[in-house]
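S.K.: A single structure is presented below for examination.
The values are calculated or read from the model by the stated rules, or taken from the named source; none is laboratory data. Remember, predicted model here, so these are calculated numbers, not experimental data. Quick reminder, even Gly has a Cβ in these numbers, built from the backbone with ideal geometry, and neighbours come from all protein chains shown.
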Amino acid sequence: MSRKLKIAVVPGEVCGGCDMALVDLHKNLIDVIGLADIVFWPIAMDFKEEDLDELESIDIALFQGSIRTEKHKEIIERVASKAKIKVAFGACACFGGVQSLADLYKLEEVLNEAYLKSPSTINEERILPGESKANPYKITAPKLVEINYKVDDFIDVDVYVPGCPPPKEIISEAVNKLIKYFEGRISLEKGTVIAGTRTLCDECPREKPEKIVIDRFKRIHEVRLDPSKCFLAQGAICLGPATRGGCGSPCIKANMPCRGCMGPAPNIYDVGAKLVSALPSLVEIENEPKLSDDELSKRVTIMDPAGLFYRFTLGLSRLVRMVRRE
Amino acid sequence: MEERNKNWEPKIIAFLCKYCASAGADLAGVSRLKYPANILPITVPCSGSVDMQFIVRAFEMGADGVLIGGCHTPSDCHFLRGNFKALKRVSVMKELLRQIGIEPQRIRLEWISATEGKKFAEVAREFTEEIRKLGPLGDKHE
């Protein structure tokens, strides 16, 4: 490659974790900087929105975070129009992320809770984002869009890099692939996901019984987890059966069940519904015929199934869009 | 939206197991029992083979309700335990739908044996009326 690549890191609704993951590349980051110029990365360097005007073209745009406000949408669309390769980086950009869970409520309820009702809020003038009611500083927070969107709702994404945040190995793989692409050594299929192609369950090193039977689902604080055995067999809800692998299973190794940040495994139509199909049937298999229908339904109680099964991926749910959008 | 409301009729997808509920629906037909045409039956091998993703797909394709028909518990299931699987899944799926903001009554699970043509017709009538009262899926929320 004769010239240096131009990379922009563009934040939407972010927590900063994805930036940490990039910085966490350590010395590899230096290699990257040898090959590429960072032309926009507001959280790590001194860039302002106006700097985007001066940019003519960008080779790689990493979009982080979801699209929650009109400002996010504007910036992301603006950068996308100049970018050759558009990368959705992190669970929020790929699937909406944790903040998509706000879409379980109407926008009105969300704003009410966050800006008016919550005990830690003082907002006597009842100003909501997007309203330019008199304030001495003439600052207006951008208006929220109707639901929390993932990046590919507005722009064509070439490469998805999932994870919350994406693990180091996956970032390195993505960087290598992109460099090779720009050197003309490989082609990139649109919508490539840089991660495993199997479920996490397939890769899990834990001991799994032939048949998993449990009496009820336990919440994580109710059970002392054996670090060598399958979480589901111990009654703890693990999203491994429907989650994409390739993350290197750091949670599993830390004795924590999978929470699904890598997003749905390939060929899953709706991850929440898939998990509802997979998990509840494990309960009380031995005693089924002895229990009445009502009793059996009571034993499969799962606290907050939507929050658990769609923890990072509610932005993908088609049902939510049906009820939250006009 | 309004245009859709004028001539709106509930659309219901029914996943009926081959051995009981589907045979029950056939019996309702050959017995010339009347039931609403809003029900579109799909025969499946077993109520336990109904993936909850089918429900999401049905709703997305325009269904306003989903009926799942299986064999009576505890011992009628041709595959021994398929109906229990359906029961457990549907009970969690209803909670999931409620959280998302979809009325859980839009899914109904019924045990209908091959001899219960009459019950099938009754369930079809009742469920159609229930869905008619709820209105089209997703309309009331915004």
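S.K.: Might you check whether a residue that is touching a Lys or Arg at 6+ places or on another chain (Cβ under 9 Å), within 11 Å of another protein chain (Cβ to nearest Cβ), at pLDDT 90 or above and outside any helix (DSSP H, G or I) occurs anywhere in the stretch A:269-278?
M.R.: So far as the stretch A:269-278 goes, yes, one or more of its residues are touching a Lys or Arg at 6+ places or on another chain (Cβ under 9 Å), within 11 Å of another protein chain (Cβ to nearest Cβ), at pLDDT 90 or above and outside any helix (DSSP H, G or I).
S.K.: Also, I was wondering about something else. Would you confirm whether any residue within the stretch A:265-278 is touching a residue at least 24 places away in the same chain (Cβ under 8 Å), touching a helix residue (DSSP H, G or I) at 6+ places or on another chain (Cβ under 9 Å) and of a type in the set (Asp, Glu)?
M.R.: yes
S.K.: Follow-up. Of the conditions (1) among the aromatic types (Phe, Trp, Tyr); (2) touching a residue at least 12 places away in the same chain (Cβ under 8 Å); (3) closer than 26 Å to residue B:57 by Cα, residue A:217 satisfies every one except a single condition; which number is it?
M.R.: Among (1) among the aromatic types (Phe, Trp, Tyr); (2) touching a residue at least 12 places away in the same chain (Cβ under 8 Å); (3) closer than 26 Å to residue B:57 by Cα, residue A:217 violates only (3).
S.K.: Could you please tell me which pairs satisfy a Cβ distance under 9 Å, a separation of 6+ or placement on different chains, a first residue in the stretch A:42-68 that is touching a residue at least 40 places away in the same chain (Cβ under 8 Å), and a second residue that is buried (at least 20 other Cβ atoms within 10 Å of the Cβ) and hydroxyl-bearing (Ser, Thr, Tyr)?
M.R.: A:66/A:100; A:66/A:149; A:67/A:149; A:68/A:149
S.K.: Mind counting the residues in the stretch B:95-142 that are at the interface with chain A (Cβ under 9 Å from one of its Cβ atoms) and part of a helix (DSSP H, G or I)?
M.R.: 6
S.K.: Only one of (1) part of a helix (DSSP H, G or I); (2) within 13 Å of chain B (Cβ to nearest Cβ) is not met by residue A:285, so which one is it?
M.R.: (1)
S.K.: Kindly provide the set of residues from the stretch A:303-322 that are surrounded by 21 or more Cβ atoms within 10 Å (Cβ to Cβ), within 8 Å of chain B (Cβ to nearest Cβ) and of a type in the set (A, V, I, L, M), ordered by number.
M.R.: Of everything in the stretch A:303-322, those that are surrounded by 21 or more Cβ atoms within 10 Å (Cβ to Cβ), within 8 Å of chain B (Cβ to nearest Cβ) and of a type in the set (A, V, I, L, M) turn out to be A:306, A:319, A:320.
S.K.: Scan the stretch A:243-264 residue by residue and report those that are modelled with pLDDT under 95 and either closer than 18 Å to residue A:283 by Cα or among the hydroxyl-bearing types (Ser, Thr, Tyr) (or both).
M.R.: The one that is modelled with pLDDT under 95 and either closer than 18 Å to residue A:283 by Cα or among the hydroxyl-bearing types (Ser, Thr, Tyr) (or both): A:249.
S.K.: Follow-up question, since we're still on this one. Got at least one residue in the stretch A:247-257 being out of contact with any Gly (no Cβ under 9 Å at 6 or more places or on another chain), touching a residue at least 40 places away in the same chain (Cβ under 8 Å), surrounded by fewer than 24 Cβ atoms within 10 Å (Cβ to Cβ) and within 7 Å of another protein chain (Cβ to nearest Cβ)?
M.R.: No, because not a single residue in the stretch A:247-257 is out of contact with any Gly (no Cβ under 9 Å at 6 or more places or on another chain), touching a residue at least 40 places away in the same chain (Cβ under 8 Å), surrounded by fewer than 24 Cβ atoms within 10 Å (Cβ to Cβ) and within 7 Å of another protein chain (Cβ to nearest Cβ).
S.K.: Right, here's the next one. So residue B:92 clears everything in (1) assigned to a loop (DSSP other than H, G, I, E, B); (2) aliphatic (A, V, I, L, M); (3) within 14 Å of chain A (Cβ to nearest Cβ) except one condition, right? Which one?
M.R.: The one condition residue B:92 does not meet is (1).
S.K.: Which residues, taken from the stretch B:80-112, are of a type in the set (Phe, Trp, Tyr) and farther than 16 Å from residue A:277 by Cβ?
M.R.: B:111
S.K.: Right, something else. Tell me, please, whether a residue that is crowded, with 22+ Cβ neighbours inside 10 Å, away from every other protein chain (no Cβ under 12 Å) and under 11 Å from residue B:14 (Cβ atoms) can be found in the stretch B:51-63.
M.R.: No, because not a single residue in the stretch B:51-63 is crowded, with 22+ Cβ neighbours inside 10 Å, away from every other protein chain (no Cβ under 12 Å) and under 11 Å from residue B:14 (Cβ atoms).
S.K.: Right, something else. Please go through the stretch A:1-26 and give me each residue that is over 26 Å from the mean Cα position of the chain (by Cα) and surrounded by fewer than 19 Cβ atoms within 10 Å (Cβ to Cβ), ordered by number. Break it down stepwise before answering.
M.R.: First, the residues of the stretch A:1-26 that are over 26 Å from the mean Cα position of the chain (by Cα): A:1-5.
Answer for the stretch A:1-26, where residues must be over 26 Å from the mean Cα position of the chain (by Cα) and surrounded by fewer than 19 Cβ atoms within 10 Å (Cβ to Cβ): A:1, A:2, A:3, A:4.
S.K.: Testing residue B:72 on (1) part of a helix (DSSP H, G or I); (2) of a type outside the set (Lys, Arg); (3) more than 30 Å from residue A:106 (Cβ to Cβ); (4) within 14 Å of chain A (Cβ to nearest Cβ), one condition comes back false. Which one is that?
M.R.: (1) is the only condition that residue B:72 fails.
S.K.: Residues in the stretch A:196-211: is at least one under 21 Å from the mean Cα position of the chain (by Cα) and farther than 22 Å from residue A:252 by Cα?
M.R.: No: the stretch A:196-211 contains no residue that is under 21 Å from the mean Cα position of the chain (by Cα) and farther than 22 Å from residue A:252 by Cα.
S.K.: Next question, about the same structure. If a residue has to be more than 24 Å from the chain's Cα centre (by Cα) and surrounded by 15 or more Cβ atoms within 10 Å (Cβ to Cβ) to count, how many in the stretch A:113-128 make the cut?
M.R.: 3
S.K.: From the list A:179, A:139, A:170, exactly one residue is surrounded by fewer than 17 Cβ atoms within 10 Å (Cβ to Cβ) and of a type outside the set (D, E, K, R). Which is it?
M.R.: The unique qualifying residue is A:139.
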